[in-house]
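For reference, the structure discussed in these notes is given below.
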Amino acid sequence: MPPEYSLRFRRIWDFRRWLILLPALFGALATTAISFEVSSYFLQEQYFRFLDVHQRHETVLSDKLFFCGRFTLAAGLAIILVFGTTLIVISPGFRRRLRMVAWASGCFVLICLGVIFGAVRFATKPDRSIPLIEPVWTAEIVPADTGIPSYHRTRRMTFTDGGHLVVGTSSDLVSLETKAGHIAATQPTTNPPLLFSSRSSKLLIATGDLELLSPDLRPTGRKISLTGGFVEIASPSGASVVWQHYQGPPKTTLIDTESLKTTETFATCNANAITDHAVAESVVLIHEGVQAIVVCDPGTSTRVFYRGGGGFVYLTNESMLVIDGSRLTLLDSSGKIQAEDEWPDDNVTFAGASRDGSRFAVANERWGWGDPRRINKVSIIVYDTATFRPIVQIPSAWVSALSPDGKSLATSFAGKTSYFKLP
């Protein structure tokens with residue numbers, strides 16, 4: 001082959017070798033997407049562990065910085081893996097510098113991780129300093145699946161009085177002595193009931209029927225059929241539960257928890273929260289285009305109580321707690337705001353209240369990424385109603401119940417039920 005043809009052939013061959021970089025570009029894009037998902041999975045746990053160890057919580061800015069950092073790291077790794085491998089194959093000069101490239105790649109990864117967590121620390125905010133407490137005892141008792149809606153979590157265990165805690169498992173009702181956690185009584189149940197405490201410290205169980213039991217689970221002989229309706233909500237004092245009918249004309253009825261006799265009937269309201277004598281529900285005011293809470297008096301009369309959205313519950317007959325995302329609002333009997341608090345960038349749900357209204361609890365939830373999303377961390381925060389400030393927190397807790405006087409708390413998580421004495 002003449003020299004000029006040999007030189008031309010080598011040039012064409014070199015050109016074709018470098019054309020390999022074009023599909024490598026598409027390979028780098030695909031690898032970036034895969035690396036991003038993989039880095040999200042592994043770094044997420046480290047990210048939340050970093051926040052927990054340093055007692056900080058994320059903000060919108062820290063979330064964006066963490067996202068950008070993960071993407072930069074993923075893109076860099078894709079370039080290193082795909083283009084690096086391609087250059088090793090086609091370039092002898094690159095192979096000679098492979099050690100230097102490996103050191104540079106390692107430094108790039110370390111710098112990215114350092115920048116990510118440095119930026120996150122800068123953009124996050126310190127957590128509140130809330131005291132932690134240890135349980136008095138822990139029992140291997142597991143409440144039944146909490147299901148949906150979330151307020152069912154407050155109905156899987158209840159204090160009938162200061163000396164007994166009743167837990168509804170998937171197969172039994174279990175009455176525990178609060179002094180040491182010993183089992184006082186058990187009763188088989190086919191369907192996990194919702195549990196309520198009456199104003200005289202007896203136990204109400206709601207399945208297809210509503211039945212009144214003693215604290216040690218003995219029948220009292222009082223029972224009412226809930227055919228065509230259901231009971232899910234009680235008044236703060238324990239004097240009434242609400243029977244919501246789904247058969248026949250719309251109707252909501254209050255039932256006295258001692259006699260199990262109906263007392264008041266509300267023809268137009270669906271109950272989202274009740275007092276001993278009134279029902280409140282969430283509606284949309286059509287003429288204003290806003291969500292609101294209305295209070296229904298017996299009969300058909302209604303009145304706007306509060307303009308705003310979110311879930312709500314009565315703490316006493318005269319005070320209501322509204323939870324809207326991360327914001328807590330305390331309202332008086334006229335609907336005026338008495339106090340507010342907020343947990344930025346977290347999700348807050350109701351987790352129980354004492355029968356005297358002196359204290360209430362919320363579940364503070366932190367969500368991770370993924371599809372579907374999952375809760376990364378949850379804790380129970382107990383509030384003093386008078387000051388509207390948290391007094392203690394219990395990490396890794398889900399189901400909870402406060403004693404009638406607010407001086408004790410029971411929680412359940414990961415197959416265990418724990419009992420706490422509150423300061």
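Read the figures in this text as sums done on the coordinates, not as results from a lab. Being a predicted model, the structure only gives us computed values, none of them experimental. Note: ideal-geometry Cβ built from the backbone for every residue, glycine included; neighbour counts use all protein chains shown.
Sorting Arg70, Arg156, Arg218, Arg199 on the 10 Å Cβ count, fewest up front, what's the list?
Listing Arg70, Arg156, Arg218, Arg199 from fewest to most nearby Cβ atoms yields Arg218, Arg199, Arg70, Arg156.
Can you pull out the chymotrypsin sites (Phe, Trp or Tyr not before Pro) in region 237-302 that DSSP calls coil and that have at most 10 other Cβ atoms within 10 Å?
Listed in order of number, the matching sites are Tyr246.
Could you give the length gained on full extension between Ala102 and Asp324, defined as 0.36 nm per residue of separation minus the Cα-Cα distance, in nm?
74.8 nm
Give the order of Lys251, Lys64 when sorted by the count of other beta carbons within 10 angstrom, beginning with the fewest.
Placing the least packed residue first, the sequence is Lys64, Lys251.
List the trypsin sites (Lys or Arg not before Pro) in region 252-351 that DSSP assigns to loop (not H, G, I, E or B) and whose Cβ has at most 14 other Cβ atoms within 10 Å. Which are they?
Here the sparse-neighbourhood loop sites are Lys261, Lys336.
Give Lys202/Lys223; Lys336/Lys407; Lys125/Lys421; Lys179/Lys421 a once-over and call out the pairs whose C-alpha atoms are over 20 Å from each other.
Lys336/Lys407; Lys125/Lys421
Taking the simple approach of a point 7 Å from Cα along Cα-to-Cβ for both Ala414 and Trp137, what is their distance in nm?
2.2
If you take the beta carbon distance between Asp356 and His277 as r and set R0 to 25 Å, what does 1/(1 + (r/R0)^6) give as a FRET efficiency, to the nearest 0.05?
0.90
With a 10 Å Cβ neighbour count serving as the proxy for reagent exposure, in which order, fewest first, do Cys269, Cys68, Cys107 appear?
Sorted ascending by nearby Cβ count, the order is Cys107, Cys68, Cys269.
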